[in-house]
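Peer 1: Please see the structure below; I have some questions.
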Amino acid sequence: MPLYEYVCPTCDERFEELRPIARADDEATCARGHVGAQRAISLFATIGGACAPSASLGGAPT
Ligand SMILES: [Zn+2]
């Protein structure tokens, strides 16, 4: 299961939760028990995709 980040609108707490992909956008409950936390859009998720280390891909060595 992937790990998602949520932000609680009540106490501004950020927390992570393991969820099935199908439920990634469901509201979460923060550590203080507030419901209605929304999934945070992380930079990593936005960039997304394969994290190919471009340095090691290289071309033919000269
Ligand atoms: Zn909260």
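Just so it is clear, none of the values below were taken in a lab; they were calculated from the coordinates. Predicted, not measured: the structure shown is a model, and the values here were computed from it. Note that each Cβ is placed from the backbone with ideal geometry, even for glycine, and that neighbours are counted across all protein chains shown.
Peer 1: Extension gain ILE41-LEU18, at 0.36 nm per residue separation less the Cα-Cα distance, in nm? Intermediate results must be reported in sequence, preceding the final value.
Peer 2: Values: separation 23, 0.36 × 23 = 8.28 nm, distance 1.52 nm.
Full extension of this stretch gives 6.8 nm more.
Peer 1: Calculate the spin-label point distance for THR62 paired with ASP26, positioning each point 7 Å from the Cα along the beta-carbon direction, and give it in nanometres.
Peer 2: So the two model labels end up 5.5 nm from each other.
Peer 1: Hey, another quick one. Hey, can you rank 6-12, 19-25 by average C-beta count inside 10 Å, highest first? Please report the intermediate quantities before stating the final value.
Peer 2: Working: 6-12: 14.7, 19-25: 11.4.
Descending packing order for the listed peptides: 6-12, 19-25.
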